[in-house]
């Protein structure tokens, strides 16, 4: 008899990320084997596509090669852990009632598609997915999240004074250091000929006349952040290459850079916000210290559990 796993479900949003919703393709090779299950190169590429594109947009030569290797290695390990978790779920005889998945999908249709089921199905079809396949993806996501929660259940909710003192001794020692950061938005177009420069000059003129940077990024940018209105998120001085870093951190909040030619592409950079460098002591962290310890304990418990699963498994990476 299969045992139901008690789940505290949260509403899963429909995420059209390459890792989940890429169109079906012919199997093109093995990246890894996890017991009797396989991980394909396609799965790895789907998971790394956006990060690899950003790396190509911002890095060159050895730095690019190193970043691509890091991204792919992390993706393979993430997929291995995911497969081990799904296998552990199955081996324990757990199950998820079908109506849980159906309820989550219905909630998603209501919140993201205003209850328009045909629009939801068209969105799936555009991504090459059937409703059955999407349900399977949702089921696996829920299993992975809930199994991770189960693994961390033994973490203490409130660390003792002894644990806090042991973790942060002496109390005046530095506990948190955050470098200078900025929230970067980017418009990038491929090519560096005169025609493309004039195209960027027209975009720059629209910005001067009051157009919103994000709207123009959504319309014209050709990099992986186009769908997020040019958002590259918070970066520090080590996130992107030296040329773009120097130009970006020279900007004031709300300011847009001149046209920058880099790596065969043209860029416009916009500073949406800035954070100065911050160094805090344990005393300044105050009540956040126990929370940080609990989070670290939970992460360690999940890590230990995954290492245990790995030790018992047959894993081969190609």
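The values are calculated or read from the model by the stated rules, or taken from the named source; none is laboratory data. This is a predicted model, so every value here is computed, not measured. Ideal geometry is used to build each Cβ from the backbone, glycine not excepted, and the neighbour counts take in all protein chains shown.
Assorted remarks:
- Qualifying residue in the stretch 267-280 (condition: modelled with pLDDT under 85, surrounded by 15 or more Cβ atoms within 10 Å (Cβ to Cβ) and not in a strand (DSSP E or B)): no
- All of (1) surrounded by fewer than 16 Cβ atoms within 10 Å (Cβ to Cβ); (2) in contact with a helix residue (DSSP H, G or I) (Cβ under 9 Å, 6 or more places away or on another chain); (3) closer than 18 Å to residue 59 by Cα hold for residue 243 with one exception: (2).
- Residues within the stretch 65-99 that are buried (at least 17 other Cβ atoms within 10 Å of the Cβ), at pLDDT below 90 and out of contact with any strand residue (DSSP E or B) (no Cβ under 9 Å at 6 or more places or on another chain), tallied: 2
- Condition check for residue 136: touching a residue at least 12 places away in the same chain (Cβ under 8 Å) and part of a helix (DSSP H, G or I): no
- Filtering the stretch 47-66 to residues that are farther than 23 Å from residue 77 by Cα, in contact (Cβ under 8 Å) with a residue 60 or more places away in the chain and assigned to a helix (DSSP H, G or I) leaves 57, 58.
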